[in-house]
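Accompanying notes for the structure given below.
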Amino acid sequence: MKQLLTLLIMLSCINLPFCGFTQSGQTATFSQRVRGIVVDAESRQPLPGVIVMLISSQDHHAVTDEKGYFIMDNVPVGRQSFRFSLIGFDTYTASEIMVISGKESELNISLKESLNQLNEITVTAGKNRTKAQNEFATLSARSFSVEETRRYAASFADPARMVMNFPGVSNAGDFDNGIVVRGNSPKGVLWRLEGIEIPNPNHFGSLGSSGGAISMLNANVLGNSDFYTGAFPAEFGNALSGAFDLNFRNGNTEQREHTIQVGALGVELATEGPFQKGKKSSYLVNYRYSTLALLGRFMPFAGTQPEYQDASFKLNFPTQKAGTFSVFGLGGYNVATQKVAADSTQWDEETQNLNYIVKGSMGVAGITHQYAPDKKSYIRTIISASGDKYTEQADTLNPSLAYRKDPVTHSNLSNTAYRASILYNRKLNARHTFRTGLIGQHMAYQMTYDYFDITEKRWKSLLSGNGGTQFYQGYMQWKSRMHERVTVGGGVHASYLALNNKYSIEPRGSVTYDLYRHKFTLASGLHSKPEHISTYLYQNAVQGEAITYPNKSLDLLRAFHTVAGYETSIFPGVRLKAEVYYQKLYSIPVEQDSSSGFSIINAEGAYSLVSTTQPMISKGTGENYGIDLSIERPFANNYYILATGSFYKSTYKDYAGKVYNTRFNRGHQINLIGGKEFKLNNNGRRIVGLNGKILYSGGMRESVIDLGQSREKYQAVYIPGLHYTKQGPAYFRTDIGIYYRFNTPRATHSIQLDIQNITNRENYYISYFDSKSGSIKQVNQIGILPNISYRIDFRW
């Protein structure tokens, strides 16, 4: 620890006049290199001859080479904008790019071919800086940058927490980053990295969930990515509600650069650079270790002790003839431990008499190859392997028997998947683009989960099984620019689950009418998703009984999405966007019991099944409909504003055909987000930024507890027919963030403080039946949560 602090002090003093490491008479130069590659938006082929101009200075310009690369030296630090122009293509402007002295800026730009070849100076791209990178995305999709994950107050550089600021997205609770998209369960979210599906990339996530307490994804390695809230293009399968399409950026091919960050969430080290100078191969590596675990080695902590670490990397190898090879990986490990004293007078309501140790891990590694057989097409092949594991051991101390340890839970759950994907994309001409692909995966599983049923006084097996199965997907999609103002897209996605021979054929289509200042879009399609493998293996039977797997024949979860969108510029740089949507969910697993209101729609993970005793059947349905509104002024002239409003209804039908609100039917959510930067001098070397957020939404819903029956059975019993009829109080939260960034000739230092829930309002979360006291008690969400960090980017 002492050595680490010494290193940080030395690094923070690089070229500062008040530190002893600066040479006398040295003249600081506050500029940096900006580099990148420019490609055709549809064919992804490099574009030579693109003129790159620094808008603030006509003396700074560059031209892309035959491989689309450009380098612009001596760009002044601070916010800068760049214009990319090429005859026959729409001009693009990359606005308000932060240039720092400690690390080179990378701009990877795609230009769209103009339908009017003589109209080379028309500036159409760049109007909407939030447009998805995927050219086939039309509605309910937007791109986000690494800077946004750091900028928005209390996002903590976490993509999932950051998208909670977007319309149609809300949190499932302050305790993790699971997201509710348009009233759907977080289980319906898909995570993709480098073009292929990955397991849940979050620490302390539960089995079958898509979120967790802390993200394994790190802003040091993430590049610009896309997020979808519905009506996905045909290449996206295995998702019902939302999808992340994440990319790692490439490491610097010209200069070795490093980052050290110390904060409340972890100690991070990152490095990148060329394997050999003068070549285009590069590496990018990041590692993080939890701060609490590091401090816990020197001082004890009461209560639960979380520990986690994660790493991510990307190695990039362009070749002269064979295209580009990339190797990427992401992995993490976490453990949470609680040990209570053998003294009942020291037990409180939270810890009670429970000892446990929970361990989780996830890892994925893959190889990507992209090859261009001609100037109009490319083929991308991806092979990956992933695994996730979860173990839990819990026991209680029995005061009446000399504090004997009585086991209550033991589990060992692991999944392994091998995936392969091939994509062929062809740009037929300036108007028409076609894409098709196949995805295959083999999934192996080994699951054992046993628990002691306190009501029946015997052990039960929730999960038991091992084996493997396959899941196959295929798709075709196309886009036709029928006119400068009209774009039509369509496609079909197909899925097949070998475990129970269930399949789905899903047509999708969209049409866009763009009047430059006004844009109208309509998109519709079918979507499907198999349940997590644990649902098919679920049995909840007395331990030792024959294994029957009553849920193995469940159908794929299915949905019909339709969205109508309108977008316009109401002021220069300010865009209004509205989307009206309807989602019909069907083939939803429900408990085959007329008195039960259980539906998988309300589940966040596999453990939501614990209360079910009857087999499930795919006869349930659900409906989500509403409107998402946003007014956004992306960052420009040192400030940004984003105001969003979502008003919606989310309902479901149980086995008996009765309609209820879903657990996630908040009804409304309103966000107001903004921020401003202040230059402390004229050259942008020192900057202070302020960010704020106000969030207001309806409360989550819950079923009504029957207190008398619960006391009699020593566990929660709910009143029949009152499923999710109780809505909690409204949720209100205020977050703020402040950062200070300053540049030296070879380093950039940043100090950032984010405070979630600055008013310390303890929002209502849920009620539960406490069998020990025989009463209904309330759980509140997290109060004030500060996160401070220090970061240095430097060349060495």
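Here PRO167 passes the criteria (1) at pLDDT 95 or above; (2) open to solvent by 10 Å² or more (accessible area, probe 1.4 Å); (3) within 26 Å of ALA365 (Cβ to Cβ) except the one numbered (3). Of the residues that make up segment 313-331, is at least one among the hydrophobic types (A, V, I, L, M, F, W, C), within 18 Å of the chain's Cα centre (by Cα) and open to solvent by 40 Å² or more (accessible area, probe 1.4 Å)? Within segment 313-331 (the criterion being among the hydrophobic types (A, V, I, L, M, F, W, C), within 18 Å of the chain's Cα centre (by Cα) and open to solvent by 40 Å² or more (accessible area, probe 1.4 Å)), the answer is yes, since at least one residue qualifies. Of the strands (runs of 3 or more DSSP E) contained entirely in segment 717-796, those carrying at least 3 residues that are open to solvent by 50 Å² or more (accessible area, probe 1.4 Å) fall at 731-744, 764-770, 775-780, 785-795. I'd like the residue in segment 654-707 that is part of a loop (DSSP other than H, G, I, E, B) and of a type in the set (D, E, K, R) and, out of all such residues, is nearest to TYR586 (Cα to Cα). Of everything passing the filter in segment 654-707, ASP654 is nearest to TYR586 (Cα to Cα).
Identify all residues within segment 525-552 that are of a type in the set (Gly, Ala, Ser) and at pLDDT 90 or above; write none if there are none. Let's see the steps before the verdict.
Our first condition is that a residue be of a type in the set (Gly, Ala, Ser); within segment 525-552, this holds for 525, 528, 534, 541, 544, 546.
Of everything in segment 525-552, those that are of a type in the set (Gly, Ala, Ser) and at pLDDT 90 or above turn out to be GLY525, SER528, SER534.
ARG485 meets the conditions (1) of a type outside the set (Ser, Thr, Tyr); (2) touching a strand residue (DSSP E or B) at 6+ places or on another chain (Cβ under 7 Å); (3) modelled with pLDDT of 95 or more in every case but one. The failed one is (3). For segment 683-736, the candidate set comprises residues that are polar (S, T, N, Q) and closer than 22 Å to LYS772 by Cβ; within that set, the residue that is nearest to the chain's Cα centre (by Cα) is SER703. Take the conditions modelled with pLDDT under 90 and among the β-branched types (Val, Ile, Thr) and apply them to THR612. Does it pass? Here the answer is yes, as THR612 does meet what is asked. The criterion of being under 24 Å from ASN171 (Cβ atoms) and not aliphatic (A, V, I, L, M) does not hold for TYR586.
Yes or no, residue by residue, for (1) under 24 Å from the mean Cα position of the chain (by Cα); (2) closer than 22 Å to GLN473 by Cβ; (3) open to solvent by 70 Å² or more (accessible area, probe 1.4 Å):
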{"position": "ALA494", "(1), (2), (3)": "no, yes, no"}
{"position": "LEU499", "(1), (2), (3)": "no, yes, no"}
{"position": "LYS502", "(1), (2), (3)": "no, yes, no"}
{"position": "THR521", "(1), (2), (3)": "no, no, no"}
{"position": "HIS532", "(1), (2), (3)": "yes, yes, no"}
{"position": "THR535", "(1), (2), (3)": "yes, yes, no"}
{"position": "ASN540", "(1), (2), (3)": "no, no, no"}
{"position": "LEU556", "(1), (2), (3)": "yes, yes, no"}
{"position": "VAL574", "(1), (2), (3)": "no, no, no"}
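Report whether or not ARG666 is at pLDDT 95 or above and charged (D, E, K, R). So ARG666 passes the test.
Consider segment 51-89. How many of its residues are part of a loop (DSSP other than H, G, I, E, B) and either small (Gly, Ala, Ser) or in contact (Cβ under 8 Å) with a residue 24 or more places away in the chain (or both)? Before you say what the answer is, go through the steps one by one.
Filtering segment 51-89 for residues part of a loop (DSSP other than H, G, I, E, B) gives 55-60, 64-68, 77, 86-88.
Now restrict to residues that are either small (Gly, Ala, Ser) or in contact (Cβ under 8 Å) with a residue 24 or more places away in the chain (or both): 55-57, 64, 67-68, 77, 86-88.
The total comes to 10.
Within segment 712-726, residues that are over 27 Å from PHE452 (Cα atoms) have Cβ atoms under 9 Å from residues that are open to solvent by 100 Å² or more (accessible area, probe 1.4 Å) in these pairs: GLY721/LYS658, counting only partners at least 6 apart in sequence or on another chain.
Filtered by the rule that a residue be polar (S, T, N, Q) and in a loop (DSSP other than H, G, I, E, B), segment 173-215 gives ASN177, ASN184, SER185, ASN200, SER206, SER209, SER210.
Quick check on GLY168: is it over 12 Å from the mean Cα position of the chain (by Cα), over 26 Å from PRO634 (Cβ atoms) and of a type in the set (Gly, Ala, Ser)?
Details: over 12 Å from the mean Cα position of the chain (by Cα): yes; over 26 Å from PRO634 (Cβ atoms): no; of a type in the set (Gly, Ala, Ser): yes.
When the stated conditions are applied, GLY168 does not pass them.
Please report, ordered by residue number, the strands (runs of 3 or more DSSP E) entirely within segment 233-299 with at least 3 residues that are more than 18 Å from THR368 (Cβ to Cβ) and open to solvent by less than 20 Å² (accessible area, probe 1.4 Å).
Values: elements: 242-246, 257-263, 267-274, 282-289.
Qualifying strands (runs of 3 or more DSSP E): 257-263, 267-274.
Table: residues versus (1) farther than 30 Å from PRO634 by Cα; (2) in contact (Cβ under 8 Å) with a residue 40 or more places away in the chain.
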site	(1), (2)
GLN477	yes, yes
SER480	no, yes
VAL486	no, no
ASN501	yes, no
ARG517	no, yes
ILE547	yes, yes
PRO550	yes, yes
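Against the test of being at pLDDT 95 or above, open to solvent by 30 Å² or more (accessible area, probe 1.4 Å) and under 30 Å from TYR513 (Cβ atoms), the options LEU115, LEU86 yield a single qualifying residue, LEU86. Summed over segment 28-50, the residues that are on the phi < 0 side of the Ramachandran plot and either in a strand (DSSP E or B) or more than 35 Å from the chain's Cα centre (by Cα) (or both) give a count of 12. All conditions but one from (1) touching a Lys or Arg at 6+ places or on another chain (Cβ under 9 Å); (2) under 30 Å from THR455 (Cβ atoms) apply to HIS561; the one that does not is (2).
Can you pull out every residue in segment 219-228 that is over 12 Å from the mean Cα position of the chain (by Cα) and open to solvent by less than 10 Å² (accessible area, probe 1.4 Å)?
The first filter runs over segment 219-228 and keeps only residues over 12 Å from the mean Cα position of the chain (by Cα), leaving 220-221, 223-224.
Selection gives ASN220, VAL221.
Among the residues of segment 433-489, those identified as of a type in the set (Asp, Glu) and open to solvent by 50 Å² or more (accessible area, probe 1.4 Å) are GLU456, GLU484.
For segment 737-767, residues that are more than 24 Å from HIS258 (Cα to Cα) and either without any contact (Cβ under 8 Å) to a residue 60 or more places away in the chain or among the β-branched types (Val, Ile, Thr) (or both) total 7. Taking the listed residues LEU294, LEU315, the one that is under 30 Å from ARG142 (Cβ atoms), in contact with a strand residue (DSSP E or B) (Cβ under 7 Å, 6 or more places away or on another chain) and hydrophobic (A, V, I, L, M, F, W, C) is LEU315, with no other qualifying.
The values are calculated or read from the model by the stated rules, or taken from the named source; none is laboratory data. Just so it is clear, the model here is predicted, and its values are computed rather than measured. Cβ coordinates were reconstructed from backbone atoms using ideal geometry, including for glycine residues, and neighbour counts include every protein chain displayed. SASA here: full protein model, heavy atoms, side chains in, ligands and nucleic acids out. Shrake-Rupley method; radii C 1.70, N 1.55, O 1.52, S 1.80 Å.
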